[in-house]
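> One structure follows; several queries about it will come next.
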């Protein structure tokens, strides 16, 4: 397990005190627990003045989002949850005309896209489509194939209307629920040495030719981009009514703390800061510094990933060339591996950041922030164990099974995939729909991109609370009892690690062999 074993080192006991003695940070960044966030967090922390936290990327919002232009809504929450409210994107006060024009453009673009797709799927129309549009589509296809980087640069720099400045109508969410969402984020540890700027950073992925793109988006947001959730949660946290409700409940967020939404593109490691026109003048210098540091951290994170991406050994040796090569992969429609996704995932850490902050975890570990002293009843820990941990195990199992038997549990090579409507993919011209991950997500030639290891859960929390969560969840009983998850815990720095076995807790050193298997109890044999 590599650097995970370093959590046993003696200096890990001292890091909590060092963190409390440090000066207030310039900004805090709350990122998704996704393994790809670990690289960006590590690089940002290397620049002085920043703390980072991990939280499920839907930010505790079980919502359905309706876009400004109407059309299909999106469930922006884990599939374990049912959306309890619809949040609608609306014009900001005074920006109604701007929003109406933007909505019209979106509807026109959606109609054109629908017409194009319908024509392609018609048994006769594709012939007429090729004859009528080939003189345009042919040169464009040649340019995208021969020079994908230059073509994408030109497309990105074409003049286009300024995006509409919008907000979200949250009336279906009671103020008490909004306050509870913000309180849960604040109790990640943000209240210790509060920062003047808190960034809520969702994530998404962009690839020009990937029918399985949602598998690279935010799992906590139901396979969608996390930007909308970040925007909505930040707006809640800045709302005076929500803050007054929190203050009445004893949760004091300083008046000088501003919440800012952002979205991390995991294909390029660029971070877009959102709703910047809402930032008060008192915080604009901080935001400018943050933008520069995020750009530098994103460059470093992208270069860090370069060594692991298939084909990068043949790319330019200089820094700028390698950075451009990494970032144009998502815009190259001939590139089957725009990014590695969650390949390599093998552990889930629940605890304060000082537990893992010095370590380079190689983008292989889910990181969920948790402070046991802020959770006296164990309800927060129970929620993490029964929801984010379970979803992480699903992801881990999907990668493991697609690696060990790619034909039975994966979907085979992308080279043979044919998309069938909006349903799935076939290999070649017939056969059954393929399930699981494509071969290129887990293997590059003879090299495994994912090492099939069952998930290790590492918890810094009270073992009694872990036991209570397991006792109340049949799913956890099955996953731990049947050894799909190995769970170890300690109750704070200096406390020895113990592993939850079938018969109770047994001593465990991280990086050492697991304790001898015990007899499986009746609850573990279910399923």
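Values in this text are rule-based calculations from the coordinates and carry no lab data. The shown structure was predicted, so the numbers you read here are calculated from the model rather than taken from an experiment. Backbone-built Cβ (ideal geometry, glycine too); neighbour counts: all protein chains shown.
> For Cα pairs less than 8 Å apart in space and 6+ apart in sequence, what is the mean separation divided by the residue count of the chain, i.e. the relative contact order in percent?
Relative contact order for the chain comes out at 16 percent.
> Rounded to the nearest 500 deg cm²/dmol, what is the calculated helix-only ellipticity per residue at 222 nm for the chain, with -39500 (n - 2.57) per DSSP H run of length n ≥ 4?
-11000 deg cm²/dmol
> What is the spin-label model distance, in nm, from residue 145 to residue 171 if the labels are put 7 Å beyond Cα along the C-beta direction?
Output for this residue pair reads 5.3 nm.
> Cα-based Rg (one decimal) and Dmax (whole number) for segment 377-518, in Å?
When restricted to Cα atoms, segment 377-518 yields Rg and Dmax of 18.9, 60 Å.
> What shape does segment 96-156 have by the C-alpha gyration tensor, where a ≥ b ≥ c are the square roots of the eigenvalues, rounded means a/c under 1.5, and otherwise prolate means a/b greater than b/c and oblate the rest?
It is oblate, given that a/c is not under 1.5 and a/b is not larger than b/c.
> Now, a different point. Convex hull volume of the Cα atoms in segment 388-472, per residue, in Å³?
127
> Still on this model: First check a/c for segment 326-386, with a ≥ b ≥ c the square roots of the eigenvalues of its C-alpha gyration tensor; if it is under 1.5, answer rounded, and if not, answer prolate when a/b is larger than b/c or oblate otherwise.
Judged from the Cα gyration tensor, segment 326-386 comes out prolate (a/c at least 1.5, a/b above b/c).
> Follow-up. Once you sort the root eigenvalues of the Cα gyration tensor of segment 239-384 as a ≥ b ≥ c, which label holds: rounded (a/c under 1.5), prolate (a/b larger than b/c) or oblate (the other case)?
It comes out oblate by the Cα gyration axes.
> So I have (i) 33, 32, 23; (ii) 37, 30, 23; (iii) 48, 24, 24, and one of them is semi-axes √(5λ) of the Cα gyration tensor in Å calculated from this model. Which one is it?
Computed from the coordinates, semi-axes √(5λ) of the Cα gyration tensor in Å corresponds to (ii).
> Sorted from largest down, what three extents in whole angstroms do the Cα atoms of segment 110-225 have along their principal axes?
The Cα atoms of segment 110-225 stretch 63, 33, 29 Å along their principal axes.
> I would also like to ask the following. Please report the antiparallel percentage of the DSSP beta bridges confined to segment 403-504, to the nearest 5.
Once the DSSP bridges in segment 403-504 are tallied, antiparallel ones form about 60 percent.
> Further, regarding this structure: Can you tell me which of 117-125, 145-153 comes out highest on packing, and rank the rest after it, using the mean Cβ neighbours within 10 Å?
145-153, 117-125
> Divide, for segment 233-307, the radius of gyration over alpha carbons by 2.2 N^0.38 Å, where N is the residue count.
Scaled against compact globular proteins, the figure is 1.38.
> Using a simple spin-label model with points 7 Å from Cα along the Cα→Cβ vector, what separation in nm is obtained for residue 48 and residue 192?
Roughly 2.2 nm, to one decimal.
> Right, next: On full extension of the chain, what length is gained from residue 447 through residue 155, given 0.36 nm per residue of separation minus the C-alpha to C-alpha distance?
Value of the extension gain: 101.7 nm.
> Moving on. Apply 1/(1 + (r/R0)^6) to the Cβ-Cβ distance of residue 79 and residue 413, taking R0 = 30 Å, and write down the FRET efficiency to the nearest 0.05.
0.65
> Here is a follow-up. What distance in nm separates the two pseudo spin-label positions at residue 295 and residue 101, each 7 Å out from Cα along the beta-carbon direction?
Rounded to a tenth, the inter-label distance reads 2.8 nm.
> Roughly what % antiparallel, to the nearest 5, for the DSSP beta bridges in the chain?
Within the chain, antiparallel bridges account for around 40 percent of the total.
> Per 0.36 nm of contour for each residue apart, how much would the distance between residue 214 and residue 405 grow if the chain were fully extended, relative to their Cα-Cα spacing?
Going from the current span to full extension adds 66.5 nm.
> A follow-up question, please. Calculate the radius of gyration of the Cα atoms of segment 294-340 to one decimal place, then report Dmax, the largest Cα-Cα distance, as a whole number, both in Å.
Looking at segment 294-340, its Cα Rg and Dmax stand at 10.1, 29 Å.
> Going by Cα centres, segment 171-199 and segment 235-272 are how many Å apart?
Centre-to-centre (Cα) distance: 6 Å.
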